[in-house]
Amino acid sequence: MKYNNKQKITKAVIPVAGLGTRFLPFTKTIPKEMLPILNIPSIEYIVKDAVNAGIKDIIFVTSARKKALADYTDSYLWLEDELRKKNKIEELKLIQFLPKIANYIFVRQSKQLGLGDAVLKAKYAIGNEPFALLLGDDILLNNFKNITNDSILKNLINSYQKYQSIIVLLKKIEGKEIEKYGVVGIEKKIDQKNFLLNSLIEKPTFKKAPSDLAIMGRYILEPKIFDYLEKEQIDPNTGEIQLTNAISKYLLDKNNVYGVLFEGKRYDMGNLLGFLEANIDFALNDKKYRKVFAELLKEKIKNI
Ligand code: UTP
């Protein structure tokens, strides 16, 4: 069956099944996507961005021992009643928010065979349509003034509507840091933000990196990617099926792949420093806490 690739993108995959070794022991029972920025789990920012971009159905790829996230998307009626009784309306709105804004579907990845395998697990929930992929540990922000309306995914979807092919989000990374990422080669700079790509390489050495542009955790993928993922072998060095390799083969089969440049701020919630920085920045930009928190921070820094 041929799909109509002009159709709206309404489904998003969010894989949350990784081992999260950098955040053990917390990730023993709770996915790192539940780590909070202030009082909000980071997954809520990601889902909000997806919904602002027009996504209706969220497919979580999850694993055993990580029920906290599924529970978090559910309505807790007894707690709602308690909050109503106590007239805690703001708190009531907070707990009602996520369950209301999207439909949630859960699929399992029972063996942690990498991001490529996690995406493949969503194949039947996606069917034959283009979809968004958002990695839950990448918190991306254009600016603090417009957190709720500023959808980064929307920019990718706009590029998809124009180019009708796979789109990845790119960010400039300085120096040897690039070795931690999937990196792209540039065939053509179309305009200030859009690039036609000619290669994708997962975690190259600094010398072999084809550019300083790394893939961030947002993609628009075509359903054809599942055929490539099914053929992909487990990488003997990592024990994982790499999504980057599957997209690279899709590109080598004469399909275009595009990159959209992101120049805002990224927090890697998968490591402790990223998590701390996100919390400090959000606190310093929070209406209620900014003043008192800045004072507290100044006081602490004085004593270092
Ligand atoms: P990471 O590369 O950050 O791996 O995965 P990880 O296992 O979560 O974390 P570390 O490196 O051990 O600390 C990127 C995204 O892909 C998901 C993760 O949940 C994360 O959102 N993922 C990764 C899976 O769903 N399944 C996998 O097998 C691997």
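The values are calculated or read from the model by the stated rules, or taken from the named source; none is laboratory data. Predicted model, so just to flag it, every value in this text is computed and none were measured. As a convention, Cβ positions derive from the backbone with ideal geometry for all residues, glycine included, and neighbour counts pool all protein chains shown. Just so you know, the surface numbers come from the protein's heavy atoms only, side chains and all, with ligands and any DNA or RNA stripped out. Shrake-Rupley method; radii C 1.70, N 1.55, O 1.52, S 1.80 Å.
I'm trying to understand the selection: among the residues of region 235-244, which are at pLDDT 95 or above and assigned to a loop (DSSP other than H, G, I, E, B)?
The answer is 241, 242.
Any residue in region 184-196 that's of a type in the set (Phe, Trp, Tyr): show its pairings with residues that are part of a strand (DSSP E or B) and open to solvent by less than 20 Å² (accessible area, probe 1.4 Å) at Cβ separation under 6 Å, as long as the two are six or more apart or on different chains.
Cβ pairs passing all conditions: 195/259.
Cβ contacts < 8 Å: first residue over 30 Å from residue 111 (Cβ atoms) and surrounded by fewer than 20 Cβ atoms within 10 Å (Cβ to Cβ), restricted to region 1-27; second residue at pLDDT 95 or above and charged (D, E, K, R), any location; separation 6+ or different chain. Result?
Hits for this filter: 5/222; 7/129.
Exactly one of (1) modelled with pLDDT under 95; (2) within 14 Å of the ligand (Cβ to nearest atom); (3) within 17 Å of the chain's Cα centre (by Cα) is unmet by residue 150. Its number?
Only one criterion is unmet by residue 150, namely (2).
Return the residues of region 214-244 that are within 11 Å of the ligand (Cβ to nearest atom) and charged (D, E, K, R); say none if nothing qualifies.
Scanning region 214-244 gives a single hit, 240.
Within region 245-276, which residues are surrounded by 16 or more Cβ atoms within 10 Å (Cβ to Cβ) and more than 16 Å from the ligand (Cβ to nearest atom)?
If the condition is that a residue be surrounded by 16 or more Cβ atoms within 10 Å (Cβ to Cβ) and more than 16 Å from the ligand (Cβ to nearest atom), then 248, 249, 250, 251, 257, 258, 259, 260, 261, 262 are the ones that fit.
Of all helices (runs of 4 or more DSSP H) completely enclosed by region 1-101, which ones contain at least 3 residues that are of a type in the set (D, E, K, R) and under 26 Å from residue 152 (Cβ atoms)?
42-52
Condition check: in contact with a helix residue (DSSP H, G or I) (Cβ under 7 Å, 6 or more places away or on another chain), aromatic (Phe, Trp, Tyr) and touching a residue at least 12 places away in the same chain (Cβ under 8 Å). Does residue 106 satisfy that? Before the answer, list the steps.
Numbers: in contact with a helix residue (DSSP H, G or I) (Cβ under 7 Å, 6 or more places away or on another chain): yes; aromatic (Phe, Trp, Tyr): yes; touching a residue at least 12 places away in the same chain (Cβ under 8 Å): yes.
Judged against the criteria, residue 106 is a match.
Looking only at residues that are under 20 Å from residue 125 (Cβ atoms), over 11 Å from the mean Cα position of the chain (by Cα) and aliphatic (A, V, I, L, M) in region 37-69, which one is most open to solvent (accessible area, probe 1.4 Å)?
64
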